Every structure is written in structure tokens, then in C-alpha cells.
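> Following this message is one structure expressed as C-alpha cells.
Values quoted throughout were computed directly from the atomic coordinates according to the rules given, and no laboratory measurement underlies them. Computed from a predicted model, the values in this text were never measured in an experiment. All Cβ positions, even for glycine, are placed from backbone atoms using ideal geometry, and neighbour counts span all protein chains on display.
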Amino acid sequence: MDNCLQERRWFWTTLVLSSVTIVALVFAFWELVENRFFRDLDYVSLHYLYISRGVTASVLLAIWAGWFVTRQRRIAEAQLRKSHERYRGLLESSPGAIVLYDRNLCVLEWNASAERLYGWSRSQVSNRELPTIPPAQLTELRCFLDLVEHGDPVLDSETVRINNLGQEIEVQLSLLPFREGQQLYFLEVTSDIRERIRLRQRLIELEKLTSMGQMAAGTAHHLNTPLASMLLRVQMMRERTDSQNGFYSDLQRLEHSIGFCQQFVRRLLDFSRRPSSRPAPESIGPVVQAVLGFLSPSLQAKRARIVVEQNDSAHIQVLAERNELETLLLILLSNALNAISDEGTIRVRLENTPDSHLNIVISDDGCGISPAHQAHMFEPFFTTKPIGKGTGLGLAIAKNIVAESGGEISLVSEPGKGTNAMVRLPVCDTPAAVPQ
Ligand SMILES: Nc1ncnc2c1ncn2[C@@H]1O[C@H](COP(=O)(O)OP(=O)(O)OP(=O)(O)O)[C@@H](O)[C@H]1O
Ligand SMILES: [Mg+2]
């Protein structure tokens, strides 16, 4: 501001001084000419001489002022262009998404990072209402705007924005005041923190899993022996009781409950087990057949239809412990079996992918999973089964097994239509032995 005022003062001082100098020079020159050549002029001629002096001084002054003002203006324009380019350069090269808007959320600036993060181009949002605020975040933004107006900038707050596809993006946001004269604007700088949040969640999950694993291992160890002796005693008592006696069914129920507790303890041990130390190349086909054979009584009881589509993928080998592979398939197939109704269908598809992975897809036409539950499927102890029926550890164990083999697991489900459980495992480099 001071600089600007000073520059303006210099401009006018230079213009006035130089103009006075020009006028003084013209007058001095005319004086010389008059003294040298027109000493004896009459009054009228002298009058014309003075007029010509005035005209010449005015013309020279006008030319000089015109040139001077134009030149200064060109310099000012060049400076303005340069500072505009610098401002845009800074704006565009910022790694954060910068958006400038007013109190009504009308967008005035939108940089290249904002285009990349949110998917809208500058021309699409300029002078329009800010499109990145999810309805649920509007109240929060209003609070932020109030804070900024009262001189408290918002720094590094984690919040959510939406992109042009309507997807939610977790961002870190700073909201700062931006003044232009009396007008207050809001400068929003956001950066994508989806990866950071994913890693943080993974870390929390890992910490949770580690402590749960330790707790599970201890609990399982302490429960195993008493449970086995309880079961034995209850079985003995039942065998000694007349089947017509009312106690008999009570003892049967007790036996069943102790059986469930034992299964829970086994799952806890599975869940807390150490990573496998000796994985070996294992052909997938025989493992699938073994697990289906093991489950066949339950499959028959439900009259379930099993379709195995393996083409030539049965011989594909993955590096894993056979026990673990069997546990993985058992968990997924049991879940599918629980989900289908009588005479439902379960499909097992094995496919080799071009990027050296084996996809194991287990699909069922069962009840599916509600969207509210889908986010919790892999959490330990999450179950929708009634108390005493499910441990909620199946998928958590499956996830651990797949992660140890360097693979990925996901569930895609449509309530009422069925579920696809997809496991992607890296194929073992050792040449596959085709079964005879
Ligand atoms: N194929 C599926 N179809 C529908 N729901 C499923 C399917 N697979 C998993 N689920 C849901 O995920 C929940 C968690 O599964 P998980 O295998 O971890 O535990 P669980 O089956 O409840 O208990 P457990 O495996 O000890 O019997 C289940 O309770 C069920 O609601
Ligand atoms: Mg299960």
C-alpha cells in the first residue's frame, strides 16, 4: 500500500518537474531567438511571437505528457501481468487444492490441484456455488466460516468433501481469511488423506488384532482343559440318564453349548496363531475337493447344489500351508452354506489371472449382507448369528490367512440376491505339477 502511494507520488512529481523544465526551456529558447533576430519587432508581430511560443510549449508539453503517461502505463501493465502470472503460478503449483469463495460459497478461485482432486474444471465451478460440500458437512462449514470471520483460522482439520462422481473424499482442511479491500473471502486449502486414513485404520486394526490375539491365546489356553472335562462329565451324566427323563434334554442342550464353547476356543486359537512358518506350494484343486468332502453331510442336509468351475485351474499352486488353505475355504463355504436356504446353490470358481494370481470366487444365492453390515464383515467377533451360534471370527481368520499369503479378500453382496466372496492369491513360481 505504502509502495503504491510512493510510486504514484514519484510519478506526479517527475511529470510536473519535467513539464516545468520543458516550458522553461521553450521560454528561454524563444527569449534567445527574440533577442537575437527580432529586437525591433512591432507590437502585433511580438504578440504573434508570444502566441507561437505558448502554442509550441503546449504542444511539446502534450507530446511529453502523452509519451510519459503511456510509458508509465505500459510499465505498470507489464508489472501487473508479471505479478498475475506469478500469482497463478503459485496457485497452480500448490500441491494442496485451493479454493477461494465468499460467504455465500460462490467460487472465485479454483486451482489445478482442486481440479485433480474433485474432478470439476475451473470453468465449471467459477462463480457457481461450491459443489464439494456434502450435505452432512454444511453445518460444520458454517461453523468454520464463523470462526474465520472472528479471526480464528481453521488449521489441519480432518473432514469430508465430495468429488464430481459423488464419492466422499477424506481431506485435511485449512480455512483462512483472505481480504480484498473491505471484502472478506475464504481460502480453503485441502489435501487428500484417504491413504493416510487407510493406513491409520490398518494400524489401529493391527494393534487391536495383536492385543486381541494375545488375549485370545491366553483365554483359549485356560478354557481348553476345563471345557474338555466338562464335556466328558456331561456326556457321562447323559449316558447314565434315562432318555425319557426331563434332565436328558437339559444335558443334551448343555453338551451342545459346551461343544459351541470348544468351537469358539478353537477359533480363538486359529485367530491368535503365529504366522505359518513353512508354507509350501499347494495345488488348489485337491484342497477344494477335500473341503467339499468334509462339508458334504451339511451340504446334503440342506440339499445344496454345489457347482465347481475350475477349467484347467485345479493344478495351479499357491504358496501356503495346506491347513490354512483348508481353513480359509472352510470358513467361506460354511458362511455360504449358512446363508443359502434349502436347495440353494453355491458356486466355486477358480481362475488364473494374466498377472499370475489365482482367483477363488465362492458365490451363493443366499440372503446376502445388508449395506450396514458390509463394512464390519472382517472385524473380529462381528456376527449376525444369534448368541451361542457364531463366533464372528471366521472372516477375521480368513483375512489373516490371505494377508499372510500376500493376497486379498473381499465380499460383494446384494441383500436378498447373494454374496460373492473373492480371494486373490499370488500363484507360486514353482512349475505346477499336473495331477495324473
Ligand atoms: N456368504 C455370506 N452371506 C451372507 N452373510 C455372510 C456371508 N458371509 C459372511 N456373512 C456375514 O458375516 C458375518 C461374519 O461372518 P464370520 O464368518 O466372520 O462369522 P460367523 O459366520 O458369524 O461366525 P462363525 O464363522 O464362527 O460361525 C456373519 O455373521 C454373516 O452375517
Ligand atoms: Mg462364519
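> Could you give the DSSP H helices of the chain that reach 30 angstrom or more along their long axis (alpha carbon positions) and whose average Kyte-Doolittle hydropathy is no lower than 0.0?
Numbers: long enough: 2-37 (52 Å, 0.48); 43-93 (74 Å, -0.08); 194-240 (63 Å, -0.43); 246-272 (40 Å, -0.17).
Counting only whole DSSP H runs, the qualifying helices are 2-37.
> Let me ask you something else. Could you tell me which of rounded, prolate or oblate describes the range 2-92, using a ≥ b ≥ c as the square roots of the eigenvalues of the alpha-carbon gyration tensor, with rounded for a/c under 1.5 and, failing that, prolate when a/b is larger than b/c and oblate otherwise? All intermediate terms of the calculation are to be shown ahead of the outcome.
Numbers: a/c = 5.59, a/b = 3.87, b/c = 1.44.
Because a/c hits 1.5 or more and a/b exceeds b/c, the range 2-92 counts as prolate.
> Can you tell which of 48, 87, 101 shows the greatest fluctuation in a Gaussian network model of the chain with Cα springs below 10 Å?
48
> Based on the alpha-carbon gyration tensor of the range 198-273 and its eigenvalue square roots a ≥ b ≥ c, which shape applies: rounded if a/c is under 1.5, prolate if not and a/b is larger than b/c, or oblate?
Details: a/c = 5.96, a/b = 3.15, b/c = 1.89.
In terms of gyration-tensor shape, prolate.
> Can you tell me which of 207, 140, 77 moves the most in a GNM of the chain? Springs connect C-alpha atoms under 10 Å apart.
77
> I've got another one for you. Any idea how far apart residue 170 and residue 123 come out in nm if each label point goes 7 Å out from Cα toward Cβ?
The two pseudo-label positions are separated by 3.6 nm.
> Please order 139, 345 by the number of other Cβ within 10 Å, starting at the fewest. Walk me through the numbers before you get to the answer.
On the way: 139 9, 345 15.
Going from sparsest to densest Cβ surroundings: 139, 345.
> Within a 10 angstrom radius of the beta carbon, how do 324, 404 rank from fewest other beta carbons to most? Working shown, then result.
Working: 324 23, 404 15.
Neighbour counts put them in this order, fewest first: 404, 324.
> Turning to a different aspect of this structure: Excluding residue 14 itself, what net charge comes from residues whose Cβ is under 12 Å from its Cβ, given Lys and Arg +1 and Asp and Glu -1? Please list the in-between numbers first.
Numbers: positive: 8, 9, 71; negative: 7.
Spelling it out: positives minus negatives among the neighbours equals +2.
> A further question follows. At 7 Å along the Cα-to-beta-carbon direction for both residue 351 and residue 136, put a label point, then send me their distance in nm to one decimal.
Output for this residue pair reads 3.3 nm.
> Same structure again: Under a point-charge model restricted to the Cβ atoms of Lys and Arg (+1) and Asp and Glu (-1), what is the dipole moment magnitude of the chain relative to its Cα centre, in debye to the nearest 20? Kindly include the intermediate steps, with their values, before the conclusion.
Values: 45 positive and 49 negative charges, 40 e Å.
About 200 debye.
> Continuing with this model, one more query. Give me 120, 110 sorted ascending by neighbouring Cβ count inside 10 Å, so fewest comes first.
Numbers: 120 18, 110 25.
Ordered by Cβ neighbours within 10 Å, fewest first: 120, 110.
> Further question: Among the lysines, which have Cα under 16 Å from the Cα of residue 399 when same-chain residues fewer than 8 positions away are ignored?
208
> Okay, next question. In a GNM of the chain with a 10 Å cut-off on Cα contacts, which of 22, 98, 197 has the highest mean-square fluctuation?
Its mean-square fluctuation being the largest, the pick is 22.
> Under a point-charge model restricted to the Cβ atoms of Lys and Arg (+1) and Asp and Glu (-1), what is the dipole moment magnitude of the range 1-158 relative to its Cα centre, in debye to the nearest 20? Intermediate results must be reported in sequence, preceding the final value.
On the way: 17 positive and 19 negative charges, 162 e Å.
In total the dipole reaches around 780 debye.
> Taking H as built 1.01 Å from N, whose amide H comes closer than 5 Å to the amide H of residue 428, not counting residues under 5 places away?
Here the answer is 317, 318, 319, since their amide H atoms fall under 5 Å of that of residue 428.
> Continuing with this model, one more query. When the convex hull of the Cα atoms of the chain is projected onto a plane and the area is averaged over all directions, what value comes out in nm²?
Details: hull surface 160.7 nm².
It is 40.2 nm².
> With the dipole of the chain worked out from charges on the C-beta (+1 for Lys and Arg, -1 for Asp and Glu) around the Cα centre, which of 138, 394, 363 lies farthest toward the positive end?
Of the candidates, 394 comes out farthest on the positive side.
> In whole Å, what is the distance between the alpha-carbon centres of the range 324-396 and the range 142-176?
Taking the Cα centre of the range 142-176 as reference, the centre of the range 324-396 is 39 Å away.
> Here's a follow-up. Which one of 335, 319, 426 is farthest out on the positive end of the charge dipole of the range 279-426, using unit charges on Cβ (Lys, Arg +1; Asp, Glu -1) and the Cα centre as origin?
Toward the positive end, the furthest listed residue is 335.
> Normalising by the residue count of the chain, find the relative contact order in percent from Cα pairs under 8 Å and 6+ residues apart.
Values: 589 pairs, mean separation 38.0, N = 436.
This gives 9 percent for the chain.
> Taking the dipole about the Cα centre of the range 9-126, with the C-beta of Lys and Arg at +1 and of Asp and Glu at -1, give me whichever of 33, 91, 118 is farthest to the positive side.
After comparing all options, I get 118.
> In nm, to one decimal, how far is the modelled label at residue 70 from the one at residue 301, with both set 7 Å along Cα→Cβ?
The two pseudo-label positions are separated by 10.0 nm.
> Using r as the Cβ-Cβ distance of residue 63 and residue 39, and R0 as 35 Å, what FRET efficiency do you calculate, to the nearest 0.05? Could the numbers behind the result be given before it?
Values: r = 30 Å, r/R0 = 0.87.
It comes out at approximately 0.70.
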